[in-house]
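Below you'll find the structure, written out as structure tokens, and then a few comments.
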Amino acid sequence: MARIAHLSDIHFGAHDQKIVDAATAWLEHRRPDLVVISGDFTQRARVDQFRQAAAWLNRLRAAGLRTLVIPGNHDIPLYDVVRRFTAPLHRYEKYISNDLCPFYEDDEVAILGINTARSLTIKDGRINHDQMDMLRDRFAGVAAAKTRILVTHHPLFSMPIGKGGEWSEAVGRHDDAVRAACQAGVHLALAGHFHRTYAESARRMVENSGGALVIQAGTATSTRLRNAEPQSFNWLHVRRNNAMELQVIVWDGAAFRRASHVAYDHDGQTWSSHDVTDSPIVNKADMQRLETGVPLR
Ligand SMILES: [Fe+2]
Ligand SMILES: [Fe+2]
């Protein structure tokens, strides 16, 4: 079994230090096999913000935690137009990681990160055809029994993001990207960006999208919240490629605590949830109802 903590949208510069400290303590205590961080390390890609992010990452790594990281749109300078177009990810590569397509593999999982942040689109993300080829190639060599996990900052799929039923834009070249993920046999698609927790079978969201389970992480530590959804991160236990559990770890104003907990089975075609709690979406009003007495360890 692979124990994976999935954090996103850290946003140093618009972060709450006590929440960062609590997340750090949680990770150091739980010791996941891998900490996935799906972008937006900084608020405005400033040097001081990257230095804070690097210090935090170095602390996790010094504690012996393994990390897989990708940039988000906030890791590209917004107002420094020259830098944005000439060296958009220079600071990310200098302070966080110079690997923009990180890959991790162990006996049970193979995980590929792809950079979707672009200078031109600013907020929206994009995947290019070279990245789609890499996605197919990387996973083609992975043993069939392993769980193939794709990590992007922007989700490949359109997401419900508002209280009024609004849906987000999908990533650029969305149709091709979904086809590539489908051909690569992606089981889990992890992303962030919307500061909103969400999980759903891809097949229920988009036609011909393969058998992936789409898992969105909220913002772990930013003070900029969407729909007042509290800070959170995801705690995944992946058991081969046909069974996994997802528990959302939510900030309650004083501490991180366990909330929505859903188990999923894959029948070879698609994921279905058999619940430990009844909804993968968490907001403050739901927290009490969703809290479970069956925590993942
Ligand atoms: Fe963000
Ligand atoms: Fe973002």
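The values are calculated or read from the model by the stated rules, or taken from the named source; none is laboratory data. This one's a predicted model, so the numbers in the text were calculated from it and none came from an experiment. Here Cβ is always computed from backbone atoms with ideal geometry, including for glycine, and neighbour counts include all displayed protein chains. Keep in mind that these areas ignore ligands, DNA and RNA; they rest on the heavy atoms of the full protein, side chains included. Shrake-Rupley method; radii C 1.70, N 1.55, O 1.52, S 1.80 Å.
Regarding the stretch 112-119, can at least one residue be identified that is in a loop (DSSP other than H, G, I, E, B) and closer than 20 Å to L34 by Cα?
Quick first cut of the stretch 112-119, residues in a loop (DSSP other than H, G, I, E, B) only: 115-119.
Now restrict to residues that are closer than 20 Å to L34 by Cα: 115.
Within the stretch 112-119 (the criterion being in a loop (DSSP other than H, G, I, E, B) and closer than 20 Å to L34 by Cα), the answer is yes, since at least one residue qualifies.
How many residues are in contact with a Gly (Cβ under 8 Å, 6 or more places away or on another chain), buried (at least 19 other Cβ atoms within 10 Å of the Cβ) and modelled with pLDDT under 95 if we restrict to the stretch 119-147?
Here the count works out to 2.
For V171, all conditions in the list (1) open to solvent by less than 10 Å² (accessible area, probe 1.4 Å); (2) in contact (Cβ under 8 Å) with a residue 60 or more places away in the chain hold save one; what is the number of the exception?
With (1) open to solvent by less than 10 Å² (accessible area, probe 1.4 Å); (2) in contact (Cβ under 8 Å) with a residue 60 or more places away in the chain applied to V171, the lone miss is (2).
Against the definition (over 23 Å from I111 (Cα atoms), away from ligand 2 (no atom under 16 Å from the Cβ), at pLDDT 95 or above and crowded, with 17+ Cβ neighbours inside 10 Å), how does Q52 come out, yes or no?
Values: over 23 Å from I111 (Cα atoms): yes; away from ligand 2 (no atom under 16 Å from the Cβ): yes; at pLDDT 95 or above: yes; crowded, with 17+ Cβ neighbours inside 10 Å: yes.
Judged against the criteria, Q52 is a match.
May I ask you to say which residue of Y104, Y92, Y79 is aromatic (F, W, Y), away from ligand 1 (no atom under 16 Å from the Cβ) and not in a strand (DSSP E or B)? Before you say what the answer is, go through the steps one by one.
Values: Y104 fails: not in a strand (DSSP E or B); Y92 fails: away from ligand 1 (no atom under 16 Å from the Cβ).
Answer to the check: Y79.
Which residues, counting only those in the stretch 185-232, are part of a strand (DSSP E or B), away from ligand 2 (no atom under 15 Å from the Cβ) and over 15 Å from P155 (Cβ atoms)? Give the steps one after another, and end with the answer.
Filtering the stretch 185-232 down to residues part of a strand (DSSP E or B) leaves 188-191, 198-201, 213-216, 222, 232.
Right, trim to away from ligand 2 (no atom under 15 Å from the Cβ) and you get 188-189, 199-201, 213-215, 232.
Result: S232, single match.
Could you list all residues from the stretch 70-99 that are within 26 Å of L236 (Cα to Cα) and within 16 Å of ligand 2 (Cβ to nearest atom)?
Scanning the stretch 70-99 gives I70, P71, G72, N73, H74, D75, I96.
For the stretch 67-77, state whether one or more residues are at pLDDT 90 or above, within 21 Å of the chain's Cα centre (by Cα), within 20 Å of D16 (Cα to Cα) and open to solvent by 50 Å² or more (accessible area, probe 1.4 Å).
no
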